[in-house]
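The values are calculated or read from the model by the stated rules, or taken from the named source; none is laboratory data. Predicted model only: the values in this text are computed from it and were never measured. Cβ sites come from the backbone with ideal geometry, for glycine too, and all protein chains shown count toward neighbours.
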Amino acid sequence: MAVLQEITEWTGYFMLCLLFVVFITFVAYCLYIRHVHQKYDHIPGPPRDNFLLGHIPTFIKETKSDRVIHDLFLEWAERYGPVYRLNSLHIVMVQVYCPEAAKTILMSPKYPKNPFVYKRLFNLFGKRFLGNGLVTVRDHDVWYRQRRIMDPAFSSLYLRGLMGTFNEMSECLMDKLEEKADKKTSAVMHDLVNCVTLNVIAKVAFGVDLNLLKKSDTAFQQAIDLCLKGMVYYIRDPFFTLFPKNWKMVGQFKDAAELLRKTGKKWIQNRKTAMENGEEVPKDILTQILKTAEEEKANNAEDHELMLDNFVTFFIAGQETTANQLSFAIMELGRHPEIYKRAKAEVDEVLGAKRDISYEDIGKLTYLSQVLETLRLYPTAPGTSRWLPEDMVINGLKIPRGCAVALSTYVSSRMNTFFKDPLKFDPERFHVNAPKPYYCYYPFALGPRSCLGQAFSQMEAKVVLAKLLQRFEFSLVPGQSFDIKDTGTLRPKSGVICNIRHCTQNFF
């Protein structure tokens with residue numbers, strides 16, 4: 001009995017000590033947050049929701065709503081100025097919409113990517129996700145080594161050789177649209193172009209035929225959508241995993257990330273085995289990467305994990321963003337008949353009745369290129385962020401080092417400061433002789449960390465859109481929404497539902 005009493009007393013004493021340690025730790029953390037507030041509160045910004053969480057409750061509320069959080073950032077930019085502060089626990093994010101600052105920060109390698117966002121995407125709820133791929137890696141030397149391996153696979157000469165695949169995959173879409181036109185059924189264009197861009201990246205990069213227009217809703221396609229959704233919750237809601245009601249969804253996000261990596265591991269290993277056996281392999285991006293990696297002697301376990309990181313990155317970034325850009329372009333053409341008519345006239349003049357589009361044709365479709373600048377109003381990747389390793393003065397405000405700076409092309413492209421009548425879709429803004437925006441339009445980022453696949457993406461988008469304008473007439477189904485859906489990337493909420501009709505001109 002005495003022993004039991006002694007154990008009880010020691011347990012109580014231990015619990016008191018533990019509670020005291022927790023209390024002291026909490027007080028110390030609160031004091032640190034107060035110090036952070038004092039350090040950065042000279043920067044204007046919206047009132048914090050509360051002392052401890054900062055603006056997290058607002059972020060969570062916006063994430064769960066149907067609104068686009070970047071519209072809130074735009075409202076705050078107009079209210080508090082081009083430099084304002086946001087708080088998340090002890091972390092400070094400074095939103096910046098100054099062209100000079102964007103130039104300084106994005107064009108220099110000395111400002112690494114923001115660890116709060118990009119280190120967090122190494123995993124997705126505990127499963128390795130984007131890892132240290134080209135988008136997320138923060139160490140400049142590691143990034144540079146990867147970029148050197150990847151660059152040959154995205155050279156101008158190599159991209160010219162992809163025109164056949166762009167044409168082939170786009171023809172699959174044309175066949176699907178022909179069925180819709182014959183049956184007089186509407187088409188959800190985002191779903192269709194999403195299948196095309198996923199088919200393209202699988203074929204061009206990894207030599208795999210997914211054929212999604214004939215067998216849509218595959219597990220792989222669903223996994224990409226789940227990962228995109230999971231990214232939003234993982235970054236914006238640090239308490240998401242604490243609630244049991246979310247655990248099933250967390251499990252789905254983790255399974256999706258694991259499926260993508262398992263698929264990548266299988267495809268890469270199959271190609272490596274084929275190359276080692278001297279078999280004939282496609283001259284695609286994967287083959288180029290493996291050959292360059294061999295030359296660079298990049299063959300250890302971590303190098304293999306990096307290949308998987310970039311496999312996932314290609315599918316998340318390369319496929320989704322192009323599909324969304326195409327969807328918004330189709331949506332805006334449907335809303336602006338005069339622009340639609342002019343774009344179609346150019347396509348008819350350049351292509352006539354020819355079936356395959358050449359690389360030279362792409363260069364002649366100048367007005368179509370201007371139309372694809374829907375990226376100003378609808379940047380599918382809305383922004384980026386960097387870390388300040390040193391103090392900096394922006395717009396007359398001293399920004400102490402040790403914080404993140406967020407730069408949003410979505411916000412700056414919708415500000416009257418930089419664009420007249422910014423919410424108007426006007427391809428003439430990007431005419432070759434029009435004055436160009438100065439470091440406030442960067443849908444593919446800027447500087448050394450700009451998007452490697454920019455030229456690839458725009459070539460693909462032009463081929464798909466040119467074929468659509470050449471072969472069909474389309475109109476938007478009345479009553480649908482033209483709002484934006486925020487899934488980390490931005491996509492049309494309605495899916496862009498169109499009625500499809502054959503052109504009166506005969507082809508082939």
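Taking interchain pairs and intrachain pairs at least six residues apart, which have beta carbon atoms under 6 angstrom, with the first residue in the stretch 152-181 and over 20 Å from GLU360 (Cα atoms) and the second surrounded by fewer than 16 Cβ atoms within 10 Å (Cβ to Cβ) and among the charged types (D, E, K, R)?
Listed by first residue and then by second, the contacts come to ALA181/ARG501.
Among the residues of the stretch 187-203, is any touching a residue at least 24 places away in the same chain (Cβ under 8 Å), under 23 Å from GLN325 (Cβ atoms) and outside any helix (DSSP H, G or I)?
Yes, because at least one residue in the stretch 187-203 is touching a residue at least 24 places away in the same chain (Cβ under 8 Å), under 23 Å from GLN325 (Cβ atoms) and outside any helix (DSSP H, G or I).
Can you work out which of the residues in the stretch 289-304 that are within 24 Å of the chain's Cα centre (by Cα) and touching a residue at least 24 places away in the same chain (Cβ under 8 Å) is surrounded by the fewest Cβ atoms within 10 Å (Cβ to Cβ)?
Within the stretch 289-304, the match that is surrounded by the fewest Cβ atoms within 10 Å (Cβ to Cβ) is HIS304.
Search the stretch 1-57 for residues being among the polar types (S, T, N, Q) and assigned to a helix (DSSP H, G or I), and hand back the single one that is modelled with the highest pLDDT. I'd like the intermediate steps shown before the answer.
If we filter the stretch 1-57 for residues that are among the polar types (S, T, N, Q), which is where we start, we get 5, 8, 11, 25, 38, 50.
Adding the requirement that they be assigned to a helix (DSSP H, G or I) leaves 5, 8, 11, 25, 38.
Numbers: GLN5: 63, THR8: 63, THR11: 69, THR25: 86, GLN38: 93.
Checked the stretch 1-57; the qualifying residue modelled with the highest pLDDT is GLN38.
List, please: which pairs have Cβ atoms under 7 Å, are six or more places apart or on different chains, and start with a residue in the stretch 305-323 that is among the β-branched types (Val, Ile, Thr) and end with one that is surrounded by 22 or more Cβ atoms within 10 Å (Cβ to Cβ) and assigned to a helix (DSSP H, G or I)?
VAL312/LEU260; ILE316/CYS227; THR321/SER457; THR322/THR197; THR322/SER457; THR322/GLU460; THR322/ALA461
Tell me which residues, restricted to the stretch 476-497, are charged (D, E, K, R), closer than 20 Å to LYS424 by Cα and in contact with a helix residue (DSSP H, G or I) (Cβ under 8 Å, 6 or more places away or on another chain). Outline the logic, then answer.
Restricting attention to the stretch 476-497, the residues satisfying the condition of being charged (D, E, K, R) are 483, 485-486, 491, 493.
Keeping just the survivors that are closer than 20 Å to LYS424 by Cα gives 483, 485, 491, 493.
If the condition is that a residue be charged (D, E, K, R), closer than 20 Å to LYS424 by Cα and in contact with a helix residue (DSSP H, G or I) (Cβ under 8 Å, 6 or more places away or on another chain), then ARG491 is the only one that fits.
If you check THR374 against the conditions, is it crowded, with 22+ Cβ neighbours inside 10 Å, of a type in the set (Ser, Thr, Tyr) and either modelled with pLDDT of 85 or more or within 17 Å of PHE474 (Cβ to Cβ) (or both)? First the steps, then the outcome.
Details: crowded, with 22+ Cβ neighbours inside 10 Å: yes; of a type in the set (Ser, Thr, Tyr): yes; either modelled with pLDDT of 85 or more or within 17 Å of PHE474 (Cβ to Cβ) (or both): yes.
Yes; evaluated as a whole, the condition is true for this residue.
Would you confirm, using the coordinates I've provided, whether ALA274 is more than 14 Å from ASN123 (Cα to Cα), small (Gly, Ala, Ser) and without any contact (Cβ under 8 Å) to a residue 24 or more places away in the chain?
So ALA274 fits the description; yes.
So, ILE330, is that one under 27 Å from the mean Cα position of the chain (by Cα) and within 20 Å of ALA223 (Cβ to Cβ) or not?
Numbers: under 27 Å from the mean Cα position of the chain (by Cα): yes; within 20 Å of ALA223 (Cβ to Cβ): no.
Answer is no for this residue.
With respect to SER170, determine if the residue is out of contact with any strand residue (DSSP E or B) (no Cβ under 7 Å at 6 or more places or on another chain), surrounded by 18 or more Cβ atoms within 10 Å (Cβ to Cβ) and among the small types (Gly, Ala, Ser).
Numbers: out of contact with any strand residue (DSSP E or B) (no Cβ under 7 Å at 6 or more places or on another chain): yes; surrounded by 18 or more Cβ atoms within 10 Å (Cβ to Cβ): yes; among the small types (Gly, Ala, Ser): yes.
It is true that SER170 is out of contact with any strand residue (DSSP E or B) (no Cβ under 7 Å at 6 or more places or on another chain), surrounded by 18 or more Cβ atoms within 10 Å (Cβ to Cβ) and among the small types (Gly, Ala, Ser).
Tell me, which strands (runs of 3 or more DSSP E) lie completely within the stretch 421-508 with 3 or more residues that are surrounded by 14 or more Cβ atoms within 10 Å (Cβ to Cβ), among the hydrophobic types (A, V, I, L, M, F, W, C) and in contact (Cβ under 8 Å) with a residue 12 or more places away in the chain? Give the derivation first.
Numbers: elements: 472-476, 484-487, 489-492, 497-502.
The qualifying strands (runs of 3 or more DSSP E) are 472-476, 497-502.
Taking the criterion of being crowded, with 19+ Cβ neighbours inside 10 Å, within 18 Å of PHE482 (Cα to Cα) and within 20 Å of the chain's Cα centre (by Cα), would at least one residue in the stretch 333-340 satisfy it? Working first, answer last.
Start the filter on the stretch 333-340 by keeping residues that are crowded, with 19+ Cβ neighbours inside 10 Å, which leaves 333-334, 339-340.
Next, from what is left, pick out any that are within 18 Å of PHE482 (Cα to Cα): 333-334, 339-340.
If we keep only those that are within 20 Å of the chain's Cα centre (by Cα) as well, we get none.
No; the residues of the stretch 333-340 include none that is crowded, with 19+ Cβ neighbours inside 10 Å, within 18 Å of PHE482 (Cα to Cα) and within 20 Å of the chain's Cα centre (by Cα).
When both residues are 6+ apart or on different chains and their Cβ atoms are under 7 Å apart, which pairs have a first residue that lies in the stretch 380-396 and is closer than 14 Å to GLN95 by Cα, and a second that is aromatic (Phe, Trp, Tyr) and part of a loop (DSSP other than H, G, I, E, B)?
Close Cβ pairs (under 7 Å, with a partner that is aromatic (Phe, Trp, Tyr) and part of a loop (DSSP other than H, G, I, E, B)) amount to ARG386/TYR111; TRP387/TYR111; LEU388/TYR111.
Out of (1) among the aromatic types (Phe, Trp, Tyr); (2) closer than 30 Å to ASP483 by Cβ; (3) under 18 Å from the mean Cα position of the chain (by Cα), what's the single condition that is false for PHE122?
Among (1) among the aromatic types (Phe, Trp, Tyr); (2) closer than 30 Å to ASP483 by Cβ; (3) under 18 Å from the mean Cα position of the chain (by Cα), the lone unmet condition for PHE122 is (2).
Working only within the stretch 437-468, note down all residues that are touching a Cys at 6+ places or on another chain (Cβ under 9 Å) and under 25 Å from ARG335 (Cα atoms).
Scanning the stretch 437-468 gives PRO443, SER457.
Return a yes/no flag: does the stretch 247-263 have any residue that is buried (at least 19 other Cβ atoms within 10 Å of the Cβ), in contact with a helix residue (DSSP H, G or I) (Cβ under 8 Å, 6 or more places away or on another chain) and outside any helix (DSSP H, G or I).
No, because not a single residue in the stretch 247-263 is buried (at least 19 other Cβ atoms within 10 Å of the Cβ), in contact with a helix residue (DSSP H, G or I) (Cβ under 8 Å, 6 or more places away or on another chain) and outside any helix (DSSP H, G or I).
What do you reckon, is ALA181 small (Gly, Ala, Ser), part of a helix (DSSP H, G or I) and in contact with a His (Cβ under 7 Å, 6 or more places away or on another chain)? Steps first, answer last, please.
On the way: small (Gly, Ala, Ser): yes; part of a helix (DSSP H, G or I): yes; in contact with a His (Cβ under 7 Å, 6 or more places away or on another chain): yes.
Spelling it out, ALA181 is indeed small (Gly, Ala, Ser), part of a helix (DSSP H, G or I) and in contact with a His (Cβ under 7 Å, 6 or more places away or on another chain).
Give, as residue ranges, the helices (runs of 4 or more DSSP H) completely inside the stretch 86-166 that count at least 1 residues that are surrounded by fewer than 16 Cβ atoms within 10 Å (Cβ to Cβ), at pLDDT below 90 and of a type in the set (S, T, N, Q). Reasoning before the result, please.
On the way: elements: 99-106, 115-118, 140-150, 156-160.
Where helices (runs of 4 or more DSSP H) fall fully within the stretch 86-166 and carry at least 1 residues being surrounded by fewer than 16 Cβ atoms within 10 Å (Cβ to Cβ), at pLDDT below 90 and of a type in the set (S, T, N, Q), they are 156-160.
Only one of LEU192, LEU177 is more than 23 Å from the chain's Cα centre (by Cα), buried (at least 19 other Cβ atoms within 10 Å of the Cβ) and modelled with pLDDT of 90 or more. Can you tell me which? So that I can check it myself, show each step before the final result.
On the way: LEU192 fails: more than 23 Å from the chain's Cα centre (by Cα).
LEU177 is the lone residue from the list that is more than 23 Å from the chain's Cα centre (by Cα), buried (at least 19 other Cβ atoms within 10 Å of the Cβ) and modelled with pLDDT of 90 or more.
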